[in-house]
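Visitor: The structure is given below, and queries will be raised subsequently.
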Amino acid sequence: MPSAPPPDWVLQRRRAVGARIRAVRLHTNLTQERLAEAAGMDRQAINRIEQGRASPLLDNLIRIADALDVPLADLVR
C-alpha cells in the first residue's frame, strides 16, 4: 500500500532546502552537471532535489554540502 504524501509544510521545507542548494551552486558558478560530478551523483538527481521533487538521503545532502564546500547546516537551516 502506498504511503500518504507528505504534508504541505514538509514539501515547503524540501523546496527551501533545494533553493538553498541552487543558490550556493549558482554563487560558486557550478552547473548542475559539475555539482553532480563533484558529489558523485547524477545531474537529474541534483535537479529533482533543487526543484523539491525529491527527498534526498542524508548521505546525499552531506555529499552535496562537501562538493559545495559549505557546512551541511547551511543547506538545511
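Any read-out appearing in this document is the output of simple, stated calculations on the displayed coordinates, not a laboratory observation. All figures in this text were calculated on a predicted structure; none of them were measured in a lab. When we count neighbours, we look across all protein chains shown, and the Cβ atoms used for this are built from the backbone with ideal geometry, even at glycine.
Visitor: With each pseudo-label sitting 7 Å past Cα toward Cβ, what's the Asp59-Ala23 distance in nm, one decimal?
Guide: 2.9
Visitor: Quick check for me: using +1 on Lys/Arg Cβ and -1 on Asp/Glu Cβ, what's the dipole size of the chain about its Cα centre, in debye to the nearest 20?
Guide: 280
Visitor: Provide, for q = 0.11, 0.20, 0.27 Å⁻¹, the log10 of I(q)/I(0) from a solvent-free Debye sum over equal Cα point scatterers in the chain.
Guide: The Debye formula, applied to the Cα set alone, gives -0.26, -0.79, -1.37.
Visitor: Okay, moving on. Within the range 45-66, whose backbone N sits under 20 Å from a point 7 Å along Cα→Cβ of Arg15?
Guide: Output list for this probe position: 45-57.
Visitor: Here's something else I'd like to know. Counting only C-alpha contacts under 8 Å and six or more residues apart, can you give the relative contact order of the chain as a whole percent?
Guide: 33
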